[in-house]
Amino acid sequence: MSKILLETLKGNPGDRVPFWFMRQAGRYLPEYRKVRETTPSFLDFCYTPEKAEEVTLQPIRRYGMDGAILFADILVVPDGLGQKVWFEQGVGPRLDPIATEKAFANLSMSGFHDKMGSVYKTVSRLSNSLPDNVTLIGFAGSPWTVATYMIGGQGSKDHAAARQLGYGNPELFGKILDILVDSTAEYLCAQIEAGAEVVQIFDSWSAALPETMFEKWVIEPTKAIVEKIRAKHSETPIIGFPRLAGALLPDFVSRTGVDAVSLDTGVPLGWAVSEVQSQVCVQGNLDPHLVVAGGKQMVDETNRILESLKGGAHVFNLGHGFVPETPPENVAELAATIKAFRR
Ligand code: CP3
């Protein structure tokens, strides 16, 4: 059976537009919450292959997406490098911040693959258990986005700590990006070797950086990761997602060499067709909050996106992840709308 997601990402779109959704596994699904309850620590949950496999499969059983995204988190990478990472209920991720050379000196690659072994196991289990027509997507965070958490010690609106370290101590900041480039490239290669057929690099916080910093902190590290993956696995499509990169998106695509790019909700589609889809496959970009509302508005907007992008390679997705309050029945209507569309 052919994998239409994989084919589309390779630049060979067919009649039907393939789809998957960011955060397709997660708290909006009652069956996810049920499995999630059995392991209080979120990281332990990510590191339990049977459970991570199960929650990856749950949305596929319900909705028949063309892609299954590995269940894990972008913050397993700093955890694997030896930084203390934990998730607090109702708060989100917390880390012991890396703000000094001394704290940086504790990071190393020495135990990295051992620690990530359970993630690789989840990937290999999935590559056996997924239906033949479903493409397995591996992922990691981009160095910049992961660094914002490593340096700030938690999520933040303006990433002040990471920006200020980048400007104030470029040498230490550069070392953090370097270890992230190396570990992330190895992590993604190991996922591919375990069975991932596509990988996505999430750069959730690449927004509103000055263009010189976007070049140094976003484009260069991503390009280095793309080159390292290509050297070993030239056939595996790589999707970039520089969220809120705005007018810098076409540059991101041409300079990093990604095969596809995810469009956030705010990207205008006419512009995306001429500036981005002319270069690579695009993915996106329904507002996840519209799926909370559902109904005619959601269906009309979905069809507008499908129509606007039908002239080239397009993978339907959201502009960011599902929010926990999303009604599962709206996701069913969304999936049916996409499946019914023909290019
Ligand atoms: O279905 C999927 O998309 C696969 C799994 C996945 C998760 N996180 C599971 C998760 C993926 C691809 C991610 C990526 C991720 N993690 C990103 C990049 C994408 C984005 O959303 O911008 C970021 C920034 C993170 C960091 C992170 N992880 C945060 C900020 C939080 C807390 C936010 C919240 O809603 O609580 C997490 C926790 C997390 N990662 C959950 C899930 C399902 C919720 C935790 C739980 O179930 O207890």
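Coordinate-derived values only; no laboratory data. Since this is a predicted model, take the numbers as computed values, not measurements. Cβ sites come from the backbone with ideal geometry, for glycine too, and all protein chains shown count toward neighbours.
Observations on the model:
- Amide H to amide H distances under 5 Å link Ala245 with no residue, where only residues 5 or more positions off or on other chains count and H is placed in the peptide plane.
- Alpha carbon centroid spacing (whole Å) that separates the range 294-343 from the range 204-219: 29
- Alpha-carbon centroid distance for the pair the range 273-292 / the range 72-102, whole angstrom: 30
- Annotation: average projected area of the chain is 15.5 square nanometres, based on the convex hull of Cα atoms across all directions.
- Between the helical axis of 49-63 and the longest alpha-carbon principal axis of the chain there is an angle of about 30 degrees.
- Overall Cα dimensions of the range 212-343, principal axis frame, Å, largest first: 43, 30, 28
- Rg to Rh, two decimals, where the range 185-250 supplies the alpha carbon set and Rh follows Kirkwood: 1.01
- For q = 0.09, 0.12, 0.13, 0.15 Å⁻¹, Debye-computed log10 I/I(0) when each Cα of the range 58-205 counts as one equal scatterer: -0.30, -0.53, -0.61, -0.78
- Residue-count net charge about Ala161 - beta-carbon cut-off 15 Å; Lys, Arg +1, Asp, Glu -1: +1
- Note on the range 112-208: with charges restricted to the Cβ of Lys and Arg (+1) and Asp and Glu (-1), its dipole about the Cα centre is near 300 debye.
- 222 nm mean residue ellipticity, helices alone, for the chain (DSSP H n ≥ 4; -39,500 (n - 2.57); rounded to 500): -14000 deg cm²/dmol
- Relative to the longest principal axis of the Cα atoms of the chain, the long axis of helix 220-232 makes an angle of roughly 70 degrees.
- With the charge dipole of the range 19-264 set up from +1 on Lys and Arg Cβ and -1 on Asp and Glu Cβ about the Cα centre, the Cα lying farthest toward the positive end among the listed residues Tyr63, Pro210, Tyr167 is that of Tyr63.
- Dipole check for the chain: with +1 at the C-beta of Lys and Arg, -1 at the C-beta of Asp and Glu, and the Cα centre as origin, the magnitude is about 380 Debye.
- Rg/Rh for the range 1-71 stands at 1.07; both radii use Cα atoms, and Rh follows the Kirkwood definition.
- Rounded tilt (10° steps) of 170-194 against the dominant C-alpha axis of the chain: 50
- Derived scalar couplings between HN and Hα for the range 325-337 equal 7, 5, x, x, 5, 5, 5, 4, 5, 4, 4, 5, 5 Hz in order, rounded to whole Hz, by the Karplus curve 6.51 cos²θ - 1.76 cosθ + 1.60 (θ = phi - 60°), x for Gly and Pro.
- From phi via Karplus (6.51, -1.76, 1.60), per-residue ³J(HN,Hα) for the range 43-48 in Hz, x at Gly/Pro: 5, 4, 4, 4, 8, 10
- Here the chain carries DSSP beta bridges of which approximately 15% are antiparallel, counting only pairs with both residues inside.
- Neighbour-limited loop hits for GluC sites (Glu not before Pro), the range 6-62 (at most 16 other Cβ within 10 Å; DSSP other than H, G, I, E, B): Glu37
- nm² value of the averaged projected area, convex hull over the Cα atoms of the range 250-322: 4.5
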